[in-house]
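Below: one structure, written as structure tokens.
Values in this text are rule-based calculations from the coordinates and carry no lab data. From a predicted model like this one, the values you see are computed outputs, not experimental measurements. In this analysis, Cβ positions are derived from the backbone assuming ideal geometry, glycine residues included, and neighbour counts consider all displayed protein chains.
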């Protein structure tokens with residue numbers, strides 16, 4: 001099983017920071033569908049400024065591109081989960097430790113996904129290769145730890161996830177996760193559900209810290 005991770009907003013707490021931070025986890029059952037989505041949209045008479053971009057992202061796309069990408073994703077064999085952080089409710093001692101917060105949000109989300117789909121033969125967690133050095137190592141270690149942290153007895157042995165760091169410019173599924181995260185972020189930040197409504201049927205759950213789950217299926 002492949003799970004693609006991307007985020008929207010920033011994890012910082014400065015005056016210009018977004019009050020929300022969203023992490024999207026996209027489960028893709030047929031990656032070729034996602035690749036075709038982006039290939040088709042790029043070939044469909046994109047404006048020059050979009051043709052020259054190394055990758056399409058939610059924040060640098062106009063309304064038409066956003067709608068086309070999300071509509072194509074809505075017709076694909078996918079589902080997604082999200083974590084939404086309301087930063088004004090973050091504990092004071094964590095406000096200067098953004099990487100710890102990021103690792104916790106991602107690890108907790110992946111752990112929930114892991115046990116929702118268990119059992120399986122393997123699980124790959126694919127993230128953009130923006131982390132490096134010690135941050136990358138700590139991220140990988142924490143994700144495995146959080147996923148394998150299980151107190152409920154189960155019959156079959158747990159399979160640790162593989163953490164893969166890939167260039168989002170070469171990975172359409174990470175780009176798809178970016179559009180989903182962007183649509184959910186817009187729903188919270190601007191109270192605008194126009195993008196989210198296109199893909200809402202593909203949403204399994206949104207974990208709203210600290211307001212509780214917003215959707216259960």
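Some observations on this one:
- Exposure proxy order (Cβ contacts within 10 Å, fewest to most) of 146, 35, 96: 96, 35, 146
- Each listed q (0.10, 0.17, 0.18 Å⁻¹) maps to a log10 I(q)/I(0) for the chain, found by the Debye formula over equal Cα scatterers with no solvent: -0.43, -1.28, -1.42.
- Taking every DSSP bridge with both residues inside the chain, close to 55 percent are antiparallel.
- Relative to the longest principal axis of the Cα atoms of the chain, the long axis of helix 133-148 makes an angle of roughly 70 degrees.
- Cα pair distances of region 49-172 binned at 10 Å [whole percent]: 10, 31, 35, 21, 3, 0
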